[in-house]
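One structure below.
The values are calculated or read from the model by the stated rules, or taken from the named source; none is laboratory data. Computed from a predicted model, the values in this text were never measured in an experiment. Quick reminder, even Gly has a Cβ in these numbers, built from the backbone with ideal geometry, and neighbours come from all protein chains shown. When the accessible area is computed, the model is the full protein with side chains, heavy atoms only, and any ligands, DNA or RNA have been set aside. Shrake-Rupley method; radii C 1.70, N 1.55, O 1.52, S 1.80 Å.
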Amino acid sequence: MVYNLAIIGFGTVGQGLARILVNKKDLLERNNNFKFKVVAISDIIKGTVIDQNGLNLAKFLQDVQKEGKISGIKKSDFSSVEIIENSAVNIVVETTWTNLETGEPGLTHIKKALALGKHVVTTNKGPIALAYNELSKIAKVHNAFLGFEGTVLSGTPAINLALRNLAGASVKTIRGILNSTTNYILTQMETGTTYRNALKRAQTLGYAEADPKMDVEAYDAAAKTTILANVVMNGNIKVTDVIRKGITDITVHDIRTANLKRKKIKLIAKVWRENGRIQGQVSPKALSSTDILANINGTLNALTYSTDLLNDVTVIGRGAGGIEAGYALLSDMLALNQKLIKNF
Ligand code: HSE
């Protein structure tokens, strides 16, 4: 089977996936029996192109990187929703920006695709944090696959690790560092860099959200905490239920004082069950240097699942970046492919 992909949103993440697909096309076909064509790309700023025979991704990436827009190809007037409706498309890659209030435009894209029985892979935190339970029901009814590995820890296994590899073990609590921008800022501040300069660097390096308030005031980490709570621990919480405090009040002095006591300040996310209810929290904590999370620096993220059968399982890896997020989308598509192959 050849998958026909439509990439909706062609920013850092969409381009990261495209780069991987260009570089690994033959290998994916040979080793993973994964054959694909990208039949449409739609981006609100760069424009929309369709080619049922498959776009020349390498040339397309070059153009976008040189000119910041789609050039040299006949553009299409179709809207993103019309692209999703196109009968040739069978996997929708949803990589538009995250909106934690409405989930749009991603929420509409994902609902539309799933209702048409099309598989969806996404890194978009908004729709999953706001409407996971509803979206997974639509997916089930229409026999469609919904992959969202990249919403937490980017390409580092987090969601599928819990759902597939840890299936059968009960996750009792979750604890982790879920935001790269703030971890980078806190690490930089340890060497005396000011908060403002560290944030600027994180933005230049492409880790920060379009609105960095999402990172530093911990909305992004709260969204990821919500996803973990609802998906891994069967909760039913909203992003606004997560007790949230960001890092904007933390000073270099606070960090130095903590370091003198052999402690590290980290933005820690937690999910736990209390009186039968799932709870979430994100806030800065001074951790003892023996705590595994105290030693996660820079843009690295980490997540510990405390389970009944294996005790603690910790995964550490990159939590942001175009290639990393692109890999998350690829890993979801390969999981879908394995599932479909097995069904034959
Ligand atoms: N702004 C996010 C972060 C990107 O810094 O972790 C990845 O979700």
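The table below gives the values:
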{"read-out": "Strands (runs of 3 or more DSSP E) enclosed by segment 260-324 - at least 2 residues per element that are loosely packed, with under 14 Cβ neighbours inside 10 Å and not aliphatic (A, V, I, L, M)", "value": "277-288, 311-318"}
{"read-out": "Sole exception among (1) surrounded by 22 or more Cβ atoms within 10 Å (Cβ to Cβ); (2) not in a helix (DSSP H, G or I) for Y184, by number", "value": "(2)"}
{"read-out": "Failed item in (1) open to solvent by less than 30 Å² (accessible area, probe 1.4 Å); (2) assigned to a strand (DSSP E or B), with K37 passing the rest", "value": "(1)"}
{"read-out": "Number of the condition not met by V171 [criteria: (1) within 16 Å of the ligand (Cβ to nearest atom); (2) open to solvent by less than 30 Å² (accessible area, probe 1.4 Å)]", "value": "(1)"}
{"read-out": "Complete set of residues in segment 299-332 that are more than 16 Å from the ligand (Cβ to nearest atom) and within 14 Å of the chain's Cα centre (by Cα)", "value": "L330"}
{"read-out": "Tally of residues being farther than 16 Å from G9 by Cα and in a helix (DSSP H, G or I) across segment 64-84", "value": "2"}
{"read-out": "Segment 136-155 - residue that is out of contact with any Leu (no Cβ under 8 Å at 6 or more places or on another chain) and β-branched (V, I, T) and, of those, nearest to G280 (Cα to Cα)", "value": "T151"}
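This table checks each residue for (1) near the ligand (Cβ under 10 Å from one of its atoms); (2) in contact with a strand residue (DSSP E or B) (Cβ under 7 Å, 6 or more places away or on another chain); (3) on the phi > 0 side of the Ramachandran plot; (4) modelled with pLDDT of 95 or more.
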| site | (1), (2), (3), (4) |
| --- | --- |
| L146 | no, yes, no, yes |
| S154 | yes, yes, yes, yes |
| A158 | no, yes, no, yes |
| N165 | no, no, no, yes |
| N179 | yes, yes, no, yes |
| I185 | yes, no, no, yes |
| A223 | yes, no, no, yes |
| T226 | no, yes, no, yes |
